[in-house]
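Have a look at the structure below, then the notes.
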Amino acid sequence: MEYNKIVIKHFSHPKNVGEIKNADGIGKVGNPVCGDVMHVYIKIGKKKMKGKEKEFVKDIKFKTMGCAAAIATSSMITAIAKGKSLEDVEKITRNDVAESLGGLPPIKMHCSNLAADALREAIKNYRKKRGVKND
Amino acid sequence: MKKLIYMDTENRGFSVSRKSEKIKEIYLDNAATTKVDERVLKEMEKYHSEYYGNASSIHDKGEEAKSGLEKARKIIANSINASPEEIVFTSGGTESNNLAIKGIAFSNQNKKHIITTKIEHDCVLNACKWLEKQGWKITYLEVNSEGFVDVEQLKREINENTALVSIIHGNNEIGTVQDLESIGKICREKNILFHTDACQSYTKENLDVKKQNLDLVTLNAHKIHGPKGVGALYIRNGIKITPLAHGGGQEKGKRGGTENVPGVVGFAKAVEIASEKEVGKMKKLRDKIINGIEKIRGAKLNGSREKRLCNNINFVFKGIEGEAIVGYLNEHRICCSTGSACSSKSLEPSHVLLAIGLKPEEAHGSLRISLSKYTTKKEVEKLLKVLPMIIKKLRSISPFGGN
C-alpha cells in the first residue's frame, strides 16, 4: 500500500482504542457519508508541570471508522496527547499528526486527517461541561 | 515553542506484522488483472525475438508476423462465433470501448442519442460524458438491486435518434451478468447498434455474436492471463465506424499503428487455453467464499447469486471501511479490492454500488474478491480464516461496530 511503515504500524496496531466511561470530554468529527468518523474520549487530570499546576490529558481513547490513514492518525494523536498539558495539546495541528506519522499521501491529508479536530472538539466539550467559555 | 512531534521509539528495527516475508501472496484481485500464463509468455517470446517483423512488411519477416497476427485473429473470432475480418485489435478494453462508443457516435452524426447504464466501467461512462459535452444526449439506464438492467426501460428510452446501446456484460465490481440475448433482440428489432463490454466475462460466460445479436463487443487479454496492453473490438461486418487513431491503414483502416503482434499472439493463446473446467472450479470456490462470508454478522452480498461471474465476490460490511479491510488483508499478504471512496482517486464511493441502491456509508464498507484459475482451496480457506478476524478487529475500533 502507499503508506509508510509508521502509518502501517499505527493502522495495524493502533494505540488507545476504546471508549472512556464518564469521560471528561468527547469529540466527534467526520461523517459516515464521507467514510470517516472519529470519536475521541479524554480524561483530564491536574499535576505540577514546570512549577505550575496544570490540566493535562490523563487518559485518551478513540474509536474510528475509516481508512488506514484515519485509523493511523487517530492512534497517533492519542500517543501525542497522552500526558501532555491541555495548553500544549490544543496546539497540535493536522500537520503535526501527519509529520509524526512520517507523512501521509496527499489525497489523505484532508479527509482522513481529522484526528486533531476530534481532539480539539473533545477539549471544547470538556470546557463546556465545566462552564469555561470557549473562544 | 518545540514542535509537538511524537517520536515513536518502538519504530527502531520496526517490522511489519507479517509473520514472514516468505509467505507467498494470495492474489484475489483478478478482476483488476491476472497473472500471465507461462504458455502465453512462451508463445509471445517467439514473436519478440524471432518473428519480430512488421506485419505490414512484404518480405518474409513481415509475412511471419502477419501469419501469427491472422492466426490469432481467427482464434479470437471463432471464440465468439464471428468472422476474422470482424476483429480489430486494440491496446485493450479502454481503447475498444472508446472506439466503439465514439467511433459509432462520429459515424452517426444525425443520431445523437446513446443509451448506456449506471453500472458501466469508468471508460464507458467517461467516453459518454465527454460526448455529452460535445452535444450528444446520453441516457443512463437504472439497474435493480442485483444490478440488472430493466429491459422495459430500455425499450422506452429508445427513440428515432438512438444510435447505440452500450451495456456491460459481466460487471467488474459486483459480477452481475446481463442477459445479452434479450437486450440484443430488442436492439436488433429496433435497428439500433448494440455494444457490450465483455472484458470481465470473456472466456467465462457464453459469448455468441450471432445468437446474442451483438454488433460490437469489447474484449481484452489481461483479464484472462494474457498480456496487458492488448484488446480487441468485434465490429459486425457492414458497420461503419470512425477510427480514433488514423495511421498506415492497419486493421482495415479502423485502427492505425503497427500491430502489437507478440501481444496479439499471446492474447489468442490465452483464449485457446481457457477452459470450461476452470470456470467450474472458480464457481465452486466462489460459492465456498460467499457461503463463508455470509456467516459474518452484518455482511451482505452485492449482486446476483445466480447470474454472477464465476470469479466475483462482493460484500459490504456494516460499520467499517473498505480500504481498512483491504489494508489488513494486505498485512496477511492477501490482495483484494474495495469500492470505498478512500481507495479511489475521486474520493467518491463506487458508482456501481450506489446504482444498486446502497447508501454512500454502506458503499464505503465494500470488499471485492476476484478469483482466477490459479486460486486454490487452501488460499480460500486462509481467506475465510483471516477475514472474520479482520472484520471483528475493525469493528472493535469503529464507533459503529456494534457488539
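What follows draws every value from the coordinates through simple rules; no lab data is involved. Note that the structure is a prediction, hence the values are computed from the model and not measured. Heads up, the Cβs are rebuilt from the backbone with ideal geometry, glycines too, and the neighbour counts pull from every protein chain shown.
Mind checking the mean number of beta-carbon atoms from other chains within 10 Å of the Cβ atoms in B:320-332? Walk me through the intermediate numbers first.
Details: counts 2, 12, 2, 11, 11, 2, 3, 11, 4, 0, 5, 4, 0.
That average works out to 5.
Sorted largest first, the principal axis extents computed over the alpha-carbon atoms of chain B equal 68, 56, 55 Å. As a calculated quantity, the FRET efficiency between B:Phe106 and B:Glu157 at R0 = 30 Å, using C-beta atoms, amounts to about 0.90.
Length, then width, then depth: along the principal axes, the Cα atoms of chain A run 45, 32, 27 Å. For B:Lys66, a cut-off of 24 angstrom between C-alpha atoms picks up these lysines, skipping any fewer than 8 places away in its own chain: B:Lys42, B:Lys46, B:Lys74, B:Lys228, B:Lys252, B:Lys254, B:Lys269.
Going by the alpha-carbon gyration tensor, a ≥ b ≥ c the square roots of its eigenvalues, is the stretch B:38-273 rounded (a/c under 1.5) or, if a/c is not under 1.5, prolate (a/b greater than b/c) versus oblate?
The shape class here is prolate.
Computed over the stretch B:172-301, relative contact order equals 17 percent, with contacts defined as Cα pairs under 8 Å that lie 6+ residues apart.
Per residue, the protein assembly as shown reaches -11000 deg cm²/dmol at 222 nm when only DSSP H runs of four or more residues are counted, each adding -39500 (n - 2.57). Tell me the net charge near B:Gly170. Cut-off is 14 Å between Cβ atoms, B:Gly170 excluded, with +1 for each Lys or Arg and -1 for each Asp or Glu. Summing Lys/Arg as +1 and Asp/Glu as -1 gives 0. Applying the Karplus relation 6.51 cos²θ - 1.76 cosθ + 1.60 with θ = phi - 60° to the stretch A:71-79 yields 3J(HN,Hα) values of 5, 5, 5, 5, 4, 5, 5, 5, 5 Hz, where x marks Gly and Pro. Could you tell me whether the stretch B:119-177 comes out rounded, prolate or oblate from its Cα gyration tensor? Rule is a ≥ b ≥ c as square roots of the eigenvalues, rounded for a/c under 1.5, then prolate if a/b exceeds b/c, otherwise oblate. Oblate is the answer for the stretch B:119-177, as a/c is 1.5 or above yet b/c matches or exceeds a/b. Just need log10 I(q)/I(0) for the protein assembly as shown at q = 0.08, 0.11 Å⁻¹, Debye formula, equal scatterers on the alpha-carbon atoms, no solvent, rounded to two decimals. Debye intensities relative to I(0), on a log10 scale: -0.62, -0.98. With 10 Å bins from zero, work out the P(r) of the stretch B:177-241 over every alpha carbon pair and list the percent per bin. Values per bin, smallest distances first: 21, 51, 25, 3. Near B:Glu152: Cβ cut-off under 15 Å, other residues only, Lys/Arg at +1 and Asp/Glu at -1. The net charge is -1. How far is the Cα center of the stretch B:84-113 from the Cα center of the stretch B:268-321, in Å? Comparing the Cα centres of the stretch B:84-113 and the stretch B:268-321, I get a distance of 31 Å.
Using the Cα gyration tensor of the stretch B:349-400, with a ≥ b ≥ c the square roots of its eigenvalues, what is the shape: rounded (a/c below 1.5), prolate (a/b larger than b/c) or oblate (neither)? Walk me through the intermediate numbers first.
Values: a/c = 4.50, a/b = 1.31, b/c = 3.45.
Judged from the Cα gyration tensor, the stretch B:349-400 comes out oblate (a/c at least 1.5, b/c at or above a/b).
Using C-alpha pairs below 8 Å separated by at least 6 residues, the relative contact order for the stretch B:38-273 is 27 percent. Distance from the C-alpha centroid of the stretch B:116-154 to that of the stretch B:326-343: 28 Å, rounded to the whole angstrom. In plain terms, the residue of B:Ser79, B:Ser145, A:Ser75, B:Ser337 with the fewest other Cβ atoms within 10 Å comes first and the most crowded comes last, giving B:Ser145, B:Ser79, B:Ser337, A:Ser75. Helix by helix through chain B, keep the DSSP H runs that span 15 Å or more along the axis on Cα and average at least -0.5 on Kyte-Doolittle, and give those back in order. Counting only whole DSSP H runs, the qualifying helices are B:93-107, B:122-133, B:261-273, B:377-397.
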